[in-house]
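> The structure is given below, and queries will be raised subsequently.
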Amino acid sequence: MKTKIIYGILVVGLLFSISGCDEDYLNLYPEDDMSDETFFEQTSDYKTYVNGLYSNFLRSSTQYKVTKLEDGSDNLFEEDPNSAIMMQDESGEADETSSSWNNQYTYIRKVNYVLQNKDKIETREVETNQYIGEAFFIRAWHYFVLLQNFGGVPYIDQVLETDSEELYNTRESRDYIAQKVIDDLDSAIVLLGWKNDDYATAPRINKESALLMKTRVGLYEGSWEYYHGNKGTVFQAEGLDGTAFLEQAVEAGDVLMAYQGTNIYMGSTDQEYYDVFNRDDYYDIDGAFLYKHYDVASEVYSLAIQGASASFAAGITSTLVGTYLMTDGKPESISGVEYDYTYQGSLIEAKDPRLGQTIYSPDNGAYGDWLGYDPNDDAIIEASYAPLTYSAQGMGGYKIIKFVPTSAYSKTYCDMDDVILRYGEALLNYAEAKAILGTISQSDIDNTVNVLRDRAGMPHLSMAEANAWSVSYSESDGYDPSADNILNEIRRERRVELALEGFRRTDLKRWAIYEDVINGYKPVGAYYQEHADYWNDSEAMEALGLTDSEVSGVYCILGDNVDVIGEYVNPYWKNSYFTESGIGYYINPDRDYLNSIPTQEIDFYEENGVTLEQNPGWF
């Protein structure tokens, strides 16, 4: 029988109180019934406690996860321009407090409590080790969040009392924190079982998850040190070139790939990629290592993602669509595949099949029919195009279908599981780490990138052929013009395979090209005239069942309710920053790679005679 973890409910007593917003978040000792001498003397105690830690790092809802994951990247635009990359008028004054900082240290304190008691049972059994391994993994997760947001931070690995000397630990270097994260992951790898072996019953954390996270952390810190060091940015790790961390990513990848091989989930015909993200139970799905389980029958569910897909405002950018290779496996500039750019169905048909399983093609007919909606619910979604004048998913003309389920419950409740860690990422982490190290081979490409391409039905990537291509790669598109083509093609594969999964912004930062991509960027959507011709056909709209007021609402009038840059839909045409002559997005390259250290924390340290250093560019 499958063991299900009800993540949303914490066992009574697991939540430790926070006694006031002006106190330092490292000084709070857990005051609850579990701090007595009798707890953690049997395996069930560890399981009970660790179960309560899951809700602190797993997403609480899948409803709007696309907009949350792709926040501040060039993959997606939302109803309003993203404030995180509109820093033109930002003075550099640091935030007083930070929920990310506060929350991570609160969660770390909880994990430290169980790890501080991990040896209370003199001889731990396999089951107990599983839960201790999960705790090591969860602590690594939270410190990695801190590393990505703030760089080096104070490192605390024990429960502190108000008089603990460690309460005022100053910031460690970023490489120190990264290595501590990997150390915790190494401990987790030793203690955890493989997925569904022993006590690592899905959806519990397993050995595959820890190995994947080690590839993620190793690639992140290794590439950060490599690229920021090469460019000499203010965020470089002095004297480090990333080699040690990249090698650890490769080491973890070797172990994971030796176990998992080429086993990835293959969806249904013509939906091989789409189906990866739309399962109601990933218990026995190859390559889905960590996921959050929802079950309507058990009254554990997220809010309706399908209903949200027809209502929340977001759209795919033309730059993401342009990243996809043609069906012959070549970039458009050298491909022999032709298509009609004025017709979205032709464009999607000519591209990597993953595009047509990420956005909806008008060739599929009525969007509502595909969703399984009753036409009486909303006549507009019976159209085969996204309305340009509505604040809806598909704004800009490309309608997202990745993550959008068609299950019976999905209109009201979402019982689709939420995949957190999947094998595809590990394969791409491994390939990129080896490419940066200069040790990648065709065999490595075959065991990573080409495994994913086989599922997508794309031609294999050949190192020799790709390196011989006469292709221009620019930093403004997210590439490294000084690198071999093969490294840039791995970057392209990463953007395509992991589209909308929350990696793009972090990737741009670790590649030290965040400003190259973002500064001056004005996102546009689909080819405009095709959509205008569709929505301005009043007879066709009436045939869909739209009322007179609905018809007038979707009718496109340039400069009145919709506008363009060139031939493409401009979603932010009302904002002067995003007109043809506007300045677009902006980030400060000497500041906005990292968040500010909260001044509340700096002041607290200063009051106790200790300096907590601020990040570059903030005051």
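The values are calculated or read from the model by the stated rules, or taken from the named source; none is laboratory data. The structure displayed is predicted, hence computed values, not measured ones. Here the Cβ is made from the backbone with ideal geometry for all residues, glycine too, and neighbour counts use every protein chain on show. Quick note on the areas: whole protein, heavy atoms, side chains included, nothing else; ligands and nucleic acids left out. Shrake-Rupley method; radii C 1.70, N 1.55, O 1.52, S 1.80 Å.
> Tell me yes or no: at least one residue of segment 356-377 is aromatic (Phe, Trp, Tyr), more than 28 Å from the chain's Cα centre (by Cα), more than 18 Å from residue 531 (Cβ to Cβ) and assigned to a loop (DSSP other than H, G, I, E, B).
Yes, that holds for at least one residue.
> Which condition number in (1) more than 28 Å from residue 404 (Cβ to Cβ); (2) hydrophobic (A, V, I, L, M, F, W, C); (3) in a loop (DSSP other than H, G, I, E, B) is the one that residue 499 fails?
Condition not satisfied by residue 499: (1).
> In segment 458-488, what residues are open to solvent by 60 Å² or more (accessible area, probe 1.4 Å) and assigned to a loop (DSSP other than H, G, I, E, B)?
460, 470, 472, 481, 482, 484
> Can I ask one more? What residue, among those in segment 45-102 that are β-branched (Val, Ile, Thr) and open to solvent by 30 Å² or more (accessible area, probe 1.4 Å), is nearest to residue 593 (Cα to Cα)?
Residues of segment 45-102 β-branched (Val, Ile, Thr): 48, 50, 62, 66-67, 85, 97.
Applying the additional criterion that residues be open to solvent by 30 Å² or more (accessible area, probe 1.4 Å) yields 48, 97.
Numbers: 48: 38, 97: 18 Å.
Top of the filtered list is 97.
Matching residues to (1) surrounded by fewer than 19 Cβ atoms within 10 Å (Cβ to Cβ); (2) at pLDDT below 95; (3) over 30 Å from residue 216 (Cβ atoms); (4) of a type in the set (Gly, Ala, Ser):
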{"residue": "514", "(1), (2), (3), (4)": "no, no, no, no"}
{"residue": "531", "(1), (2), (3), (4)": "no, no, yes, no"}
{"residue": "541", "(1), (2), (3), (4)": "no, yes, yes, no"}
{"residue": "554", "(1), (2), (3), (4)": "no, yes, yes, no"}
{"residue": "565", "(1), (2), (3), (4)": "no, no, yes, no"}
{"residue": "619", "(1), (2), (3), (4)": "yes, no, yes, no"}
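> Being small (Gly, Ala, Ser), more than 18 Å from residue 185 (Cβ to Cβ) and touching a residue at least 12 places away in the same chain (Cβ under 8 Å) is the filter here; which residues of segment 220-241 pass it?
Let us first name the residues in segment 220-241 that are small (Gly, Ala, Ser), namely 222-223, 229, 232, 237, 239.
If we keep only those that are more than 18 Å from residue 185 (Cβ to Cβ) as well, we get 229, 232, 237, 239.
Once the filter is applied, which keeps residues that are small (Gly, Ala, Ser), more than 18 Å from residue 185 (Cβ to Cβ) and touching a residue at least 12 places away in the same chain (Cβ under 8 Å), segment 220-241 yields 229, 237.
> OK, next. Scan the helices (runs of 4 or more DSSP H) fully inside segment 42-155 and keep the ones with 1 or more residues being closer than 30 Å to residue 569 by Cβ. So that I can check it myself, show each step before the final result.
Working: elements: 43-51, 65-69, 99-116, 126-150.
Here the list reads 65-69.
> Answer yes or no as to whether residue 389 is at pLDDT below 95, under 18 Å from residue 525 (Cα atoms) and open to solvent by 30 Å² or more (accessible area, probe 1.4 Å).
Considered against the rule, which asks whether it is at pLDDT below 95, under 18 Å from residue 525 (Cα atoms) and open to solvent by 30 Å² or more (accessible area, probe 1.4 Å), residue 389 comes out as yes.
> Restrict the check to segment 102-119 and report whether at least one residue is acidic (Asp, Glu), within 28 Å of residue 204 (Cα to Cα) and at pLDDT below 95.
Yes, there is a match, as at least one residue in segment 102-119 is acidic (Asp, Glu), within 28 Å of residue 204 (Cα to Cα) and at pLDDT below 95.
> Does residue 232 fit the bill of being of a type outside the set (D, E, K, R), open to solvent by less than 10 Å² (accessible area, probe 1.4 Å) and at positive phi?
Values: of a type outside the set (D, E, K, R): yes; open to solvent by less than 10 Å² (accessible area, probe 1.4 Å): no; at positive phi: yes.
Judged against the criteria, residue 232 is not a match.
> Within segment 514-540, can you find the residues that are touching a residue at least 24 places away in the same chain (Cβ under 8 Å) and either of a type in the set (A, V, I, L, M, F, W, C) or part of a loop (DSSP other than H, G, I, E, B) (or both)? Talk me through it step by step, then tell me what you get.
Here is the first cut: in segment 514-540, the residues touching a residue at least 24 places away in the same chain (Cβ under 8 Å) are 514-532, 534-535.
Passing the criteria: 517, 518, 519, 520, 521, 522, 523, 524, 525, 526, 532, 535.
> Take the residues in segment 322-333 that are in contact (Cβ under 8 Å) with a residue 40 or more places away in the chain, touching a Gly at 6+ places or on another chain (Cβ under 9 Å) and surrounded by fewer than 20 Cβ atoms within 10 Å (Cβ to Cβ); name whichever of them is nearest to residue 521 (Cα to Cα). Steps first, please.
Just the residues of segment 322-333 that are in contact (Cβ under 8 Å) with a residue 40 or more places away in the chain, to begin with: 323-325, 327-331, 333.
After this cut, where a residue has to be touching a Gly at 6+ places or on another chain (Cβ under 9 Å) as well, the list is 323, 327-328, 330.
When the remaining residues are screened for being surrounded by fewer than 20 Cβ atoms within 10 Å (Cβ to Cβ), the result is 327-328, 330.
Numbers: 327: 28, 328: 30, 330: 26 Å.
Going through the qualifying residues, I end up with 330.
> If we scan segment 186-195, do we find a residue that is in contact (Cβ under 8 Å) with a residue 24 or more places away in the chain, open to solvent by less than 40 Å² (accessible area, probe 1.4 Å), outside any loop (DSSP other than H, G, I, E, B) and closer than 15 Å to residue 57 by Cα?
no
> Starting from segment 334-352, take each residue that is part of a helix (DSSP H, G or I) and list its partners that are charged (D, E, K, R) and modelled with pLDDT of 95 or more, counting only C-beta distances under 8 angstrom and pairs at least six apart or across chains.
Close Cβ pairs (under 8 Å, with a partner that is charged (D, E, K, R) and modelled with pLDDT of 95 or more) amount to 344/530; 345/363; 346/340; 347/340; 348/363; 349/363; 350/338.
> Applying the selection to segment 72-92, what residues are in contact with a helix residue (DSSP H, G or I) (Cβ under 6 Å, 6 or more places away or on another chain) and not β-branched (Val, Ile, Thr)? Lay out the reasoning, then the answer.
Taking segment 72-92 first, the residues in contact with a helix residue (DSSP H, G or I) (Cβ under 6 Å, 6 or more places away or on another chain) are 72-75, 78, 85.
Result: 72, 73, 74, 75, 78.
> If you go through segment 150-165, how many residues are surrounded by fewer than 17 Cβ atoms within 10 Å (Cβ to Cβ) and either in contact with a strand residue (DSSP E or B) (Cβ under 6 Å, 6 or more places away or on another chain) or in contact (Cβ under 8 Å) with a residue 60 or more places away in the chain (or both)?
The qualifying residues number 3.
> Here's another thing I want to ask about it. Could you please tell me which pairs satisfy a Cβ distance under 6 Å, a separation of 6+ or placement on different chains, a first residue in segment 85-110 that is closer than 21 Å to residue 613 by Cβ, and a second residue that is assigned to a helix (DSSP H, G or I) and aliphatic (A, V, I, L, M)?
104/145; 104/146
> Further, regarding this structure: Which of the residues that make up segment 439-457 are in a loop (DSSP other than H, G, I, E, B) and either open to solvent by less than 10 Å² (accessible area, probe 1.4 Å) or more than 30 Å from residue 263 (Cα to Cα) (or both)? Explain how you work it out, then say what you get.
Residues of segment 439-457 that are in a loop (DSSP other than H, G, I, E, B), as a first pass: 439-441, 448, 457.
Within segment 439-457, 448 is the sole residue that qualifies.
> Those residues that are touching a residue at least 12 places away in the same chain (Cβ under 8 Å) and either in a helix (DSSP H, G or I) or among the acidic types (Asp, Glu) (or both), I need them from segment 541-556; list them, please.
541, 544, 550, 551, 553, 554 - these are the residues of segment 541-556 that are touching a residue at least 12 places away in the same chain (Cβ under 8 Å) and either in a helix (DSSP H, G or I) or among the acidic types (Asp, Glu) (or both).
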